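Q: I am attaching a structure below and will ask some questions about it afterwards.
The values are calculated or read from the model by the stated rules, or taken from the named source; none is laboratory data. Since the structure is predicted, the reported quantities are computational estimates derived from the model, not experimental observations. Backbone-built Cβ (ideal geometry, glycine too); neighbour counts: all protein chains shown.
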Amino acid sequence: MRLGEAPAPALRAGSIRLRVAATSVNRADLLQRQGLYAPPPGASEILGLECAGEVLEVAPGVSGWSPGDRAMALLSGGGYAEEVVVEAGSALHVPEALSLEQAGAFCEVFLTAFLHLFELGGLAASGTALVHGGGSGVGTAAIQLVKQAGGRIVVTAGSEEKCKRCRELGADVAVNYRSEDFVAVAREATGGAGVDVVLDSIGAPYFERNLRALAVGGRLVLIGLLGGAKGEIGLGLLLARRLHVIGSTLRSRSAAEKAALVAAFEARFGTALERGALAPVIDRVLPLDEVAEAHRVMKASEHFGKLVLRVA
């Protein structure tokens with residue numbers, strides 16, 4: 001990776017231009033850097049799936065935004081830059097409760113958790129979720145959203161310290177996957193019934209165990225393949241327990257889909273966001289020119305929560 005100059009992105013119909021104050025690192029950035037996750041057609045090839053900053057320019061016909069507003073946005077790419085242009089429907093107003101550095105780490109993880117647990121996973125207010133990677137950005141967001149919704153959440157993490165911090169954040173149960181069986185713990189936590197939704201970014205190594213952790217009619221939502229992409233499927237278990245397996249990504253969804261997601265999130269959790277009940281957990285803030293260090297920390301899983309890059 002290198003810092004350099006690039007042309008300012010052109011303002012498009014239906015979009016707003018932001019002066020970026022902060023962005024953050026996501027696992028997808030590491031994959032893209034390695035040539036394993038190409039940006040969607042038409043998206044910026046600059047890394048960065050979210051940002052926050054000040055609105056500089058608003059395209060004609062766009063309502064609800066004015067120059068000078070504080071905005072945080074979900075991006076298809078381009079966040080590691082001084083300016084971005086983003087569809088207005090993919091942006092949220094930054095509440096007074098959040099700094100711009102916090103806001104720069106909000107959209108990707110909170111909208112990912114919301115989409116996959118509630119919209120696709122159908123998690124009910126009284127339901128229980130199992131989320132792998134409880135100390136990750138998505139995991140820490142998921143803990144907050146599930147608890148705000150009145151549900152219960154079991155998470156996995158790779159150390160006793162991370163498990164402790166997950167419980168302090170609100171997780172009902174935190175499992176050290178290096179020394180405990182998350183299936184047994186999840187079933188025990190639900191009186192033997194199993195969880196309603198599993199949110200998984202690991203893939204093949206966890207597939208069968210995820211199915212065994214689910215309740216009858218439960219849903220496995222797969223959003224990553226960090227542990228591998230190929231494995232055997234026990235189809236009998238799917239049939240016997242009437243299970244659902246859903247694969248999903250957020251980045252490649254259309255502007256209309258993202259706008260609908262943002263609107264649904266605001267309708268469900270907007271009040272909690274405004275009052276400061278939802279905020280990303282920030283591990284550290286680094287200047288943009290230390291992005292290589294941020295990627296190293298994420299690859300080594302030395303962080304808890306989000307790694308923020310200060311741009312402005």
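Q: Is segment 274-282 home to any residue that is surrounded by fewer than 17 Cβ atoms within 10 Å (Cβ to Cβ), farther than 21 Å from Ala103 by Cβ and either modelled with pLDDT of 95 or more or over 17 Å from the mean Cα position of the chain (by Cα) (or both)?
A: No, segment 274-282 contains no residue that is surrounded by fewer than 17 Cβ atoms within 10 Å (Cβ to Cβ), farther than 21 Å from Ala103 by Cβ and either modelled with pLDDT of 95 or more or over 17 Å from the mean Cα position of the chain (by Cα) (or both).
Q: Given (1) out of contact with any Gly (no Cβ under 9 Å at 6 or more places or on another chain); (2) in the same structural domain as Leu243 (by TED's automatic domain parsing); (3) surrounded by 24 or more Cβ atoms within 10 Å (Cβ to Cβ); (4) assigned to a helix (DSSP H, G or I), identify the lone condition not met by Gly134.
A: Going through (1) out of contact with any Gly (no Cβ under 9 Å at 6 or more places or on another chain); (2) in the same structural domain as Leu243 (by TED's automatic domain parsing); (3) surrounded by 24 or more Cβ atoms within 10 Å (Cβ to Cβ); (4) assigned to a helix (DSSP H, G or I) one by one, Gly134 breaks only (4).
Q: In the set Ala88, Ala71, Ala59, Ala129, which member is outside the structural domain of Ala263 (by TED's automatic domain parsing), more than 23 Å from Ala294 (Cα to Cα) and of a type outside the set (Val, Ile, Thr)?
A: The conditions single out Ala129.
Q: Give me the pairs, please: first residue somewhere in segment 215-241 and among the acidic types (Asp, Glu), second residue anywhere and at pLDDT 90 or above and part of a helix (DSSP H, G or I), beta-carbon distance under 9 Å, and either six or more positions apart or on two chains.
A: The qualifying pairs are Glu232/Ala204; Glu232/Phe207; Glu232/Glu208.
Q: Write out, first by first residue and then by second, each pair whose Cβ atoms fall under 6 Å of each other, whose residues are 6+ apart or on separate chains, and whose first residue, in segment 106-117, is hydroxyl-bearing (Ser, Thr, Tyr) while the second is at pLDDT 95 or above.
A: Going by the 6 Å Cβ cut-off, the qualifying pairs are Thr112/Val138; Thr112/Leu250.
Q: Out of curiosity, is Arg251 assigned to a helix (DSSP H, G or I), surrounded by 15 or more Cβ atoms within 10 Å (Cβ to Cβ) and basic (Lys, Arg)?
A: In short, no.
Q: Identify all residues within segment 163-182 that are out of contact with any strand residue (DSSP E or B) (no Cβ under 6 Å at 6 or more places or on another chain) and not in a loop (DSSP other than H, G, I, E, B); write none if there are none.
A: Of everything in segment 163-182, those that are out of contact with any strand residue (DSSP E or B) (no Cβ under 6 Å at 6 or more places or on another chain) and not in a loop (DSSP other than H, G, I, E, B) turn out to be Lys164, Arg165, Glu168, Leu169, Asn176.
Residues checked against (1) crowded, with 16+ Cβ neighbours inside 10 Å; (2) not assigned by TED's automatic domain parsing to the domain that holds Tyr80:
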residue	(1), (2)
Arg2	no, yes
Pro7	no, yes
Ala10	no, yes
Leu31	no, no
Gly42	no, no
Leu49	yes, no
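Q: Among the residues that make up segment 287-306, is at least one of them assigned to a strand (DSSP E or B) and either of a type in the set (A, V, I, L, M) or closer than 26 Å to Glu160 by Cα (or both)?
A: Yes: segment 287-306 contains one or more residues that are assigned to a strand (DSSP E or B) and either of a type in the set (A, V, I, L, M) or closer than 26 Å to Glu160 by Cα (or both).
Q: From (1) of a type outside the set (S, T, N, Q); (2) more than 30 Å from Lys147 (Cα to Cα); (3) surrounded by fewer than 22 Cβ atoms within 10 Å (Cβ to Cβ); (4) within 21 Å of the chain's Cα centre (by Cα), pick out the condition that doesn't hold for Glu101.
A: (2)
Q: Tell me which residues, restricted to segment 178-198, are hydroxyl-bearing (Ser, Thr, Tyr) and free of Cβ contacts under 8 Å to residues at least 24 places away in the same chain.
A: Ser179 - this is the single residue of segment 178-198 that is hydroxyl-bearing (Ser, Thr, Tyr) and free of Cβ contacts under 8 Å to residues at least 24 places away in the same chain.
Q: Could you please find all residues in segment 26-40 being assigned to a loop (DSSP other than H, G, I, E, B) and either touching an Asp or Glu at 6+ places or on another chain (Cβ under 9 Å) or in contact (Cβ under 8 Å) with a residue 60 or more places away in the chain (or both)?
A: Correct list: Asn26, Tyr37, Ala38, Pro39, Pro40.
Q: In addition: Looking at (1) farther than 18 Å from Ala129 by Cβ; (2) within 20 Å of the chain's Cα centre (by Cα); (3) assigned to a helix (DSSP H, G or I), find the lone condition where Asn210 falls short.
A: (1)
Q: Kindly evaluate Arg212 against the criterion of being under 26 Å from Glu119 (Cβ atoms) and surrounded by fewer than 20 Cβ atoms within 10 Å (Cβ to Cβ).
A: So Arg212 fits the description; yes.
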